[in-house]
Amino acid sequence: MPTMWIKRGDEEEFDAGTITSGLKFLGADTNPVLANNYLSDTQADGSIFSYSQYQKSVVNARFWLHFQDYTSYKLAKHDIFKVLGAKGIIRIRTNSEPAQCMYVRSTVFEISPTEDFSHNALFTVPFENPSGYKYSLVNSDVLKTYSTGVWANYGQNLPYNEDTQYTFTKQNNFRVYNASDIAIDPYFQHHELSIIIKHKGTGFTITNKTNGTSYTYFGTMSSSDILVLQGLSTYKNGTIDSNNSDYGYLKLETGWNDIKVTGATDATITFSFPFVYIA
């Protein structure tokens, strides 16, 4: 039976079918919205391609409601709108893709009986997906420890029979696997990517040899310090420390990325990011 789970803020995740008695989730459909942008010359025919962009998409979630009488219909309708028609971002996922989720907003929808004197209603909730993406339920570095179900259900884009690690200790050369549909780009696309470094000593450089992006830290670290490159910002023990960096960043291409570390042979480095899928 199709199932949708909803999570609002810090609340516990719950089954959408429990919103009110007689409500059943039937399924959800979404399609990516790819927009191509062009430039035009006032005197020349045609247009010159500029860039492509994934735009906001819509997730159409379909529901069936059975009710005993008009009073129970009105009560159920109120319960549904209170949850599915509320303001703000909610997280949704379904049992067809349990390890992937979307962060959506509700828009206008209607609930009405299928016909006069009917005790059933079929309705669709169009959720707006501002990012146009689906995300892995958890980040890369906790994927295997979060739950067996999350790891086992991925399938899509993960390499078969290969070990994917996201924490590396005392390694100058290693590989990071990005199972996303797209590159993880914290600079141009503002994607979430945190690189956590533990190291005792002076500055170091981390380079992605696959695409040439790199990050250099010039400061000194003790064994108790934790450095985090969060997107483009550097934090040392939770305090902004970008002035001690070259303001560089790392971009992760899809698939394997060859990473090189210089100046920190003792370092423990963790790559933490959600996998991003086209929705």
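Worth pointing out:
- Think of region 4-134 as having a plus end and a minus end, set by charges on the Cβ of Lys, Arg, Asp and Glu; of HIS66, ALA99, GLY46, ALA99 sits farthest toward the positive end of this dipole.
- Spherically averaged projected area of region 4-134 from its Cα convex hull (nm²): 11.1
- Values (i) 21.7; (ii) 25.5; (iii) 20.0 are given for comparison; Kirkwood radius over Cα pairs in Å, derived from the coordinates here, is the one labelled (i).
- Residues of type aspartates and glutamates that LYS77 reaches as a straight line, Cα spacing below 15 Å, ignoring anything fewer than 8 places off in the same chain: ASP69, GLU110
- Highest to lowest packing among 193-200, 217-224, scored as the average C-beta count within 10 Å: 193-200, 217-224
- Projecting the Cα atoms of ASN157, VAL176, ILE80 onto the charge dipole of the chain, computed from C-beta unit charges around the Cα centre, puts VAL176 farthest toward the positive end.
- For region 169-270, the dipole from Cβ point charges (+1 on Lys and Arg, -1 on Asp and Glu) about the Cα centre works out to 320 debye, to the nearest 20.
- For region 93-105, Karplus couplings with θ = phi - 60° (6.51, -1.76, 1.60), whole Hz, Gly/Pro x: 7, 10, 6, 7, 9, x, 8, 10, 9, 10, 10, 10, 10
- Nitroxide proxy distance, nm - points 7 Å out along Cα→Cβ at ASN237 and GLU12: 3.9
- Potential extension, LYS200-SER72 segment - 0.36 nm per residue separation minus Cα distance: 39.5 nm
- Taking 7 Å steps out from each Cα toward its Cβ at ILE278 and ILE48 produces label points 2.6 nm apart.
- Charge dipole (debye, nearest 20) of region 4-134; +1 at Cβ of Lys and Arg, -1 at Cβ of Asp and Glu: 280
Coordinate-derived values only; no laboratory data. The structure displayed is predicted, hence computed values, not measured ones. With ideal geometry, Cβ positions are generated from the backbone for all residues, glycine too; neighbour counts draw on all protein chains shown.
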